[in-house]
Each structure stands twice: as structure tokens, then as C-alpha cells.
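For reference, the structure discussed in these notes is given below.
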Amino acid sequence: MIYLDISAAVHARAGLGRYAENLARALAQEQPERFALFHNLGRDVSQTHLALDETLARLPRRTVPYGYKPWRTAVLFGQLTHIPFNRLVPQAELFHATEHLLLPLRGVPTVLTVHDLIFKLFPEYHKKLNYWYLNWAMPLYCRRATKIIAVSAHTRQDLITHYDIDPAKIVVVHEAAADHFREPTADEITAVRQKYNLPDQFLIHLSTIEPRKNLPRLLEAFQRLRLQFPDLHLLLAGAKGWLYDDFFAQIERERLGQVVRALGWVPDEDLPAVLGAASLAVQPSLYEGFGLPLLEHMAAGQVVAASYASSFPEIGGNAAAYFDPTDVNEITAVIQHLLTHPDEYQQRRQLGLVQSQRFSWRKTAQETLAIYDEILTP
């Protein structure tokens with residue numbers, strides 16, 4: 001039995017959750033008889049964010065009744081003291097940690113997915129406790145894992161550079177946009193405009209709100225753009241993450257509350273149409289291990305202006321228009337150019353649809369299965 005840790009999906013932890021859920025579903029569709037699910041329950045076992053569909057509900061499931069912080073502390077303690085957790089995953093032939101939390105198991109090979117090394121590269125963007133934990137735990141987890149999946153070539157190189165890991169141990173397997181990300185119909189766009197009271201013209205940013213997303217510079221570029229486009233708004237789709245108080249204080253201080261709005265977490269059934277209703281998507285992040293919102297925008301038929309930092313060019317190809325995320329003038333110029341050149345806008349829209357189709361969860365599942373089979377083949 002191959003166990004998949006879907007804790008991030010159960011507790012709705014943004015991109016990590018999407019990865020765990022979509023990978024588990026895609027693997028179950030390929031070879032359901034081989035898989036079981038594992039996750040921690042949290043404090044309130046009735047409050048989970050993942051509704052298991054028919055595909056996932058058929059799989060065996062094992063849980064532990066601990067919240068996130070106590071559970072990851074227990075896992076690290078088990079790794080440091082070599083106490084095996086095998087009884088939690090009976091009959092396991094392999095365990096796949098889909099986030100940065102690797103169970104200590106004796107005699108069972110493990111796969112660890114590494115999404116990024118943000119805590120290592122940008123420590124100022126993490127809470128102190130989280131920074132301390134990851135700096136202790138991640139090098140250990142990477143050493144103990146049988147194989148590592150990196151979600152991008154950029155993340156793979158970060159692992160080699162900063163942890164001196166044998167390159168042969170790390171395999172790049174890309175993520176993909178979920179199947180519900182597709183071009184919305186005109187009626188769907190009309191419906192979400194009414195539901196969310198969307199303005200006629202707006203930039204959309206899809207992501208968890210946290211410091212590395214570089215939103216203060218986006219806000220500065222937006223203010224400059226409003227000199228030319230006075231009816232333009234800026235909408236933020238995604239949950240609040242951490243260390244976001246200064247950003248919202250900036251909005252209030254500069255009296256932008258009427259034109260900058262946080263939509264919060266938008267349900268999956270509405271999100272493609274919200275993205276499609278926008279004038280342009282903007283992703284100014286200083287660092288991304290993969291950059292899933294890029295593909296989600298493109299699959300929904302939206303053009304993206306994006307940072308050229310880290311993995312974005314790897315994922316966006318020639319469909320996105322790139323800028324230096326530290327240069328407000330350049331951010332402003334790229335957005336302004338796309339808003340005033342409709343022919344290029346349409347060309348990039350078509351390129352984006354094609355680019356997003358190069359990634360699929362079935363392909364991700366098949367490449368992941370190949371890693372499992374390599375490990376398990378005598």
C-alpha cells in the first residue's frame with residue numbers, strides 16, 4: 001500500500017493543498033488499488049476543508065488526532081530520535097510526504113515533495129517559529145527521504161545549491177491547473193460580476209497574501225496606472241497568509257479602500273469566471289517554487305503579467321509578459337503595454353491556453369508513479 005499524506009488539502013493550505021488533493025485524485029484514477037490516504041485531523045475533527053469525492057472516498061484512510069503544530073513537532077522529534085511511526089501506516093510499502101513533513105518510518109521507502117526553499121532564501125518573510133522549524137527539519141527530511149520530487153527545475157537547483165543533495169536523488173515533476181480551470185462562458189462571467197460586485201475594469205492577483213508576493217510594489221504600480229486608467233481597480237483573490245498587516249495598512253493610509261479589494265478565498269466553482277472577468281492578471285512575486293496561479297490564469301483564458309524571478313519563466317513560457325519584480329517602473333510599463341495593445345493581448349491569451357495544456361495532473365500522476373515503481377522495483 002502506498003500512503004499519500006493529504007493533510008495540506010484537508011486543512012486548505014493554499015497551493016500545498018491543491019497539490020496534495022489533485023495529485024491524490026489523479027493517482028487514484030490511474031491505479032486506485034495501490035493507494036491509501038493519510039492526514040492529521042486538527043483540533044476540531046469536524047472542520048475539514050476537503051470534501052472527498054467518489055474517487056478519493058473509496059481509498060482507505062488513516063488519521064492522527066493532532067493539530068498542525070503539535071503534529072509536526074512530533075514528526076520532527078521522531079526523526080531526531082529515530083522513533084518509527086510505522087504503526088500509523090499499517091502495511092505501507094511506500095509513504096509520500098506531499099508537503100514539508102516526512103514521517104519517520106523504519107524499513108519503508110519515502111518520497112518527499114519539496115515545493116520551495118522560501119524560508120531559506122527569504123527568512124524575513126517567515127514567522128520566527130516557522131523559520132526555526134523549517135531550518136531544523138528540512139535538511140533532515142531531505143537526507144532521510146529515499147527520493148525527492150521538486151515541483152520545478154528551479155526548486156531542484158535550490159536543493160542542490162543549498163543542501164548539497166545528490167542531483168540523482170531529485171526528480172522534477174511539474175504540477176498543473178485543476179480540471180475546473182477552463183475558459184468561462186459569458187453567462188458565467190456575468191453571474192460572478194453580480195455575485196462579487198466586480199468592477200468593469202480590474203487587475204486580478206491570485207495567491208495567498210504574504211510578503212514575498214511583493215504586493216506593496218504592485219500597489220505602487222497600480223496607483224501610477226490609475227493616472228491613465230482612472231476606472232481601474234485591483235482585486236486580490238486568496239486567503240490571508242502571514243505578515244500582511246503592513247500591506248493593508250498601506251491601503252488604508254493611501255486611501256485606496258474603494259479601488260483595492262481583497263475577495264478572500266474564492267470557491268473553485270466561481271474562480272475561473274472571476275479570473276476571466278479581469279482585464280489582466282498580475283503575479284509580481286519575488287520567489288515561487290512553482291507558480292501554480294500562472295497556469296490557473298492561463299487555463300481560464302486570462303493574460304498574465306509576471307515577475308521573471310525564480311520559476312515563473314519555466315512555467316509561463318512565452319505566454320506571459322515578464323518584468324523585474326523590484327522595478328516599479330517596469331511593472332507599470334508591462335501592465336500598461338498589455339492594457340493598450342489588444343492584438344498582443346489576444347496573442348498572449350491564445351499562447352497561454354496552449355501553454356496551460358502542456359501541464360496535466362494525469363501527466364503528473366504518471367511521472368510520480370514512475371518514481372514509485374523505480375523505488376519499489378527490486
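The values are calculated or read from the model by the stated rules, or taken from the named source; none is laboratory data. Being a predicted model, the structure only gives us computed values, none of them experimental. Reconstructed Cβ throughout: ideal geometry from the backbone, glycine too, with neighbour counts over all protein chains shown. All accessible areas refer to the heavy atoms of the entire protein, side chains included, with ligands and DNA or RNA removed. Shrake-Rupley method; radii C 1.70, N 1.55, O 1.52, S 1.80 Å.
Here are Q223, Q228: which of them is assigned to a loop (DSSP other than H, G, I, E, B), among the polar types (S, T, N, Q) and at negative phi?
Residue meeting the stated conditions: Q228.
What tally of residues in region 304-319 results from selecting those that are open to solvent by 10 Å² or more (accessible area, probe 1.4 Å) and either in a loop (DSSP other than H, G, I, E, B) or in contact (Cβ under 8 Å) with a residue 24 or more places away in the chain (or both)? Let's see the steps before the verdict.
Within region 304-319, the subset open to solvent by 10 Å² or more (accessible area, probe 1.4 Å) is 308-310, 313-314, 317-318.
This time we only want the ones that are either in a loop (DSSP other than H, G, I, E, B) or in contact (Cβ under 8 Å) with a residue 24 or more places away in the chain (or both), so: 308-310, 314, 317-318.
Adding up the residues that qualify gives 6.
For H341, which of the numbered conditions (1) surrounded by fewer than 17 Cβ atoms within 10 Å (Cβ to Cβ); (2) touching a Ser or Thr at 6+ places or on another chain (Cβ under 8 Å) fails to hold?
Every listed condition holds for H341 apart from (2).
Give V274, V334, V266 a once-over and let me know the one that is on the phi < 0 side of the Ramachandran plot, at pLDDT below 95 and either part of a helix (DSSP H, G or I) or not small (G, A, S) (or both).
Result: V266 is the single residue among V274, V334, V266 that is on the phi < 0 side of the Ramachandran plot, at pLDDT below 95 and either part of a helix (DSSP H, G or I) or not small (G, A, S) (or both).
Which count do you get for residues in region 246-268 that are farther than 14 Å from L234 by Cβ and in contact with a Pro (Cβ under 8 Å, 6 or more places away or on another chain)?
Selection size over region 246-268: 1.
Looking at Y66 and the list (1) touching a strand residue (DSSP E or B) at 6+ places or on another chain (Cβ under 6 Å); (2) open to solvent by less than 30 Å² (accessible area, probe 1.4 Å), which single condition is not satisfied?
(2) is the only condition that Y66 fails.
Looking only at residues in region 53-82 that are closer than 28 Å to P32 by Cα and among the aliphatic types (A, V, I, L, M), which one is modelled with the highest pLDDT?
Here the answer is V75.
Go through region 199-220 and count every residue that is assigned to a loop (DSSP other than H, G, I, E, B), surrounded by fewer than 21 Cβ atoms within 10 Å (Cβ to Cβ) and touching a helix residue (DSSP H, G or I) at 6+ places or on another chain (Cβ under 6 Å).
1
I'd like to verify a number: residues in region 233-251 that are assigned to a helix (DSSP H, G or I), at pLDDT below 70 and in contact with a strand residue (DSSP E or B) (Cβ under 9 Å, 6 or more places away or on another chain), how many?
Looking only at that region, the number is 0.
So which residues in region 138-174 are in a helix (DSSP H, G or I) and either of a type in the set (K, R) or closer than 22 Å to E210 by Cα (or both)? Walk me through how you get there before you give the answer.
The initial filter retains those residues of region 138-174 that are in a helix (DSSP H, G or I), namely 138-144, 153-163, 167-169.
Within region 138-174, M138, R143, R144, H154, T155, R156, D158, K169 meet the criteria.
Hey, could you check region 108-147 for residues that are more than 21 Å from the chain's Cα centre (by Cα) and open to solvent by 80 Å² or more (accessible area, probe 1.4 Å) and say which is modelled with the lowest pLDDT?
K128
Would region 294-303 turn up any residue that is in contact with a Leu (Cβ under 9 Å, 6 or more places away or on another chain), outside any strand (DSSP E or B) and surrounded by fewer than 23 Cβ atoms within 10 Å (Cβ to Cβ)?
yes
Filtering region 76-89 down to residues that are under 18 Å from Y3 (Cα atoms) and free of Cβ contacts under 8 Å to residues at least 40 places away in the same chain, which residue is surrounded by the fewest Cβ atoms within 10 Å (Cβ to Cβ)?
Checked region 76-89; the qualifying residue surrounded by the fewest Cβ atoms within 10 Å (Cβ to Cβ) is R87.
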